Amino acid sequence: MNAPLYEIGAFGDTGALLFALGLGLVFGWFLERGGLGNATKLAGQFYLTDLTVFKVMFSAIVTTLLGVYWLSKLGWLELPLVFLPPTYVLPQLLGGAVFGLGFVMGGLCPGTSCVAASTGKTDGLMVVAGMLFGVFAFNEAFPLLEGVYRATPMGSVTIPGVLGVPFGVVVFAVVAIALGAFRAAGWLEARA
């Protein structure tokens with residue numbers, strides 16, 4: 001059977017939601033087992049003393065990239081059917097800045113704050129409450145922000161498309177960068 005399963009009608013909306021919930025629970029469990037529900041551990045990222053977050057997330061990116069590449073090469077994944085959200089440069093830069101500021105202030109990102117909250121950590125609960133307040137505030141202010149929200153549209157953009165190189169070249173480059181980055185992260189942690 002080919003994928004993406006939802007796009008080819010292998011299951012409906014309810015199945016997709018249940019599958020997403022299951023993936024989220026498994027991902028959260030692995031984050032907790034890796035100690036990523038601990039704001040102190042995550043703060044080490046900013047001081048270059050504990051780069052676990054970087055290593056876990058970059059590993060997930062590389063694993064997904066290799067999976068998508070090889071599954072599409074084998075004909076098991078129909079790449080044109082995979083949803084790719086459109087790029088809006090200005091709002092995504094602003095969103096990234098807000099995300100980064102919240103991460104530094106709270107010591108947790110959205111995923112890790114949910115993990116922390118699920119284990120009863122007060123800081124996790126507070127960050128989740130802050131996120132929910134932010135969602136509510138954004139929704140209420142959306143009529144005022146809609147122009148910024150829709151600014152600088154670029155459509156669906158990919159690195160191979162922008163660089164004009166085959167997907168395989170990008171995969172090779174990202175894997176090579178990851179291997180070098182993991183080595184550099186180990187060196188930085190050893191120095192700390």
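Taking the stated definitions as given, is residue 89 surrounded by 12 or more Cβ atoms within 10 Å (Cβ to Cβ), within 24 Å of residue 175 (Cα to Cα) and modelled with pLDDT of 90 or more?
No.
Of all residues in the stretch 7-47, count the ones that are assigned to a helix (DSSP H, G or I), of a type in the set (Phe, Trp, Tyr) and free of Cβ contacts under 8 Å to residues at least 60 places away in the same chain.
Adding up the residues that qualify gives 4.
Looking at 55, 73, 41, which one is over 16 Å from the mean Cα position of the chain (by Cα) and within 30 Å of residue 188 (Cβ to Cβ)? I'd like the intermediate steps shown before the answer.
On the way: 55 fails: over 16 Å from the mean Cα position of the chain (by Cα); 73 fails: within 30 Å of residue 188 (Cβ to Cβ).
When all the criteria are applied, what remains is 41.
Output the helices (runs of 4 or more DSSP H) that fall wholly within the stretch 48-163 and possess 2 or more residues being without any contact (Cβ under 8 Å) to a residue 12 or more places away in the chain, or say none. Working first, answer last.
Numbers: elements: 52-73, 89-106, 110-118, 122-149, 159-163.
Filter on the stretch 48-163 gives 52-73, 89-106, 122-149, 159-163.
Could you tell me whether any residue of the stretch 142-153 is among the acidic types (Asp, Glu) and loosely packed, with under 13 Cβ neighbours inside 10 Å?
Within the stretch 142-153, one or more residues are among the acidic types (Asp, Glu) and loosely packed, with under 13 Cβ neighbours inside 10 Å.
The values are calculated or read from the model by the stated rules, or taken from the named source; none is laboratory data. The shown structure was predicted, so the numbers you read here are calculated from the model rather than taken from an experiment. Quick reminder, even Gly has a Cβ in these numbers, built from the backbone with ideal geometry, and neighbours come from all protein chains shown.
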